[in-house]
Amino acid sequence: MATEKRDWEHGKFLIDGFPRNEDNLDGWERVLGGKVDEKFCLFFDCPEDVMEKRLLARGKTSGRSDDNIESIRKRFRTYEAETRPIIQRFAAKGKERTVNA
């Protein structure tokens, strides 16, 4: 397995956008639990209305078909249902750091 070939003891890694849900986190813990020392989860906190405006502005030039109001609001609902509980799990262990974004 690729993870077993790496020298985890000397590396420092920033994992971006993961885990997004319970299945992701459970898989991470099953495969890497005890092999890596997670320092913390970095949470960029931003009000939904600000994110919505930013994403709609990005949609004007990004060419992304999902930068529309319906898709954006669906992503917010998915985040609240699936990702927010993961952040809360890290926070409960004292491993969450918040950045006002």
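The values are calculated or read from the model by the stated rules, or taken from the named source; none is laboratory data. Please read all numbers here as calculations on a predicted model, not as lab measurements. So basically every Cβ, Gly included, is an ideal-geometry build from the backbone, and we count neighbours across all protein chains shown.
Among residues of the range 50-63 that are of a type in the set (D, E, K, R), those with a Cβ under 9 angstrom from a residue that is assigned to a loop (DSSP other than H, G, I, E, B), sequence gap 6+ or separate chain, pair up as ARG54/CYS46; ARG58/ARG64; ARG58/ASP67; LYS60/ASP67.
Of all residues in the range 76-90, those satisfying the criterion of being in contact (Cβ under 8 Å) with a residue 12 or more places away in the chain and of a type outside the set (Asp, Glu) are PHE76, THR83, PRO85, ILE86, ILE87, ARG89, PHE90.
Report, by residue number, each residue of the range 59-101 that is of a type in the set (Ser, Thr, Tyr), surrounded by 11 or more Cβ atoms within 10 Å (Cβ to Cβ) and in a helix (DSSP H, G or I). Spell out the reasoning first.
Our first condition is that a residue be of a type in the set (Ser, Thr, Tyr); within the range 59-101, this holds for 61-62, 65, 71, 78-79, 83, 98.
From what's left, surrounded by 11 or more Cβ atoms within 10 Å (Cβ to Cβ): 62, 71, 78-79, 83, 98.
Within the range 59-101, SER62, SER71, THR78, TYR79, THR83 qualify.
Could you check, for the range 66-79, whether at least one of its residues is closer than 14 Å to PHE44 by Cα and out of contact with any helix residue (DSSP H, G or I) (no Cβ under 7 Å at 6 or more places or on another chain)? Yes: the range 66-79 contains one or more residues that are closer than 14 Å to PHE44 by Cα and out of contact with any helix residue (DSSP H, G or I) (no Cβ under 7 Å at 6 or more places or on another chain).
Select from the range 17-75 the residues that are among the β-branched types (Val, Ile, Thr) and at pLDDT 95 or above and write down the one among them that is nearest to the chain's Cα centre (by Cα).
Here is the first cut: in the range 17-75, the residues among the β-branched types (Val, Ile, Thr) are 31, 36, 50, 61, 69, 72.
From the residues that got through so far, the ones that are at pLDDT 95 or above too are 50, 69, 72.
Numbers: VAL50: 18, ILE69: 21, ILE72: 16 Å.
Checking each candidate, the answer is ILE72.
Taking ARG73, is it among the basic types (Lys, Arg) and touching a residue at least 40 places away in the same chain (Cβ under 8 Å)? Here the answer is no, as ARG73 does not meet what is asked.
Matching residues to (1) in a helix (DSSP H, G or I); (2) under 30 Å from ASN68 (Cα atoms):
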site	(1), (2)
ARG20	no, yes
ARG30	yes, no
VAL36	no, no
LEU42	no, yes
GLU52	yes, yes
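Please verify whether the range 39-46 includes one or more residues that are of a type in the set (D, E, K, R) and free of Cβ contacts under 8 Å to residues at least 12 places away in the same chain. Let's see the steps before the verdict.
First, pick out the residues of the range 39-46 that are of a type in the set (D, E, K, R): 39, 45.
This time we only want the ones that are free of Cβ contacts under 8 Å to residues at least 12 places away in the same chain, so: none.
So far as the range 39-46 goes, no, none of its residues is of a type in the set (D, E, K, R) and free of Cβ contacts under 8 Å to residues at least 12 places away in the same chain.
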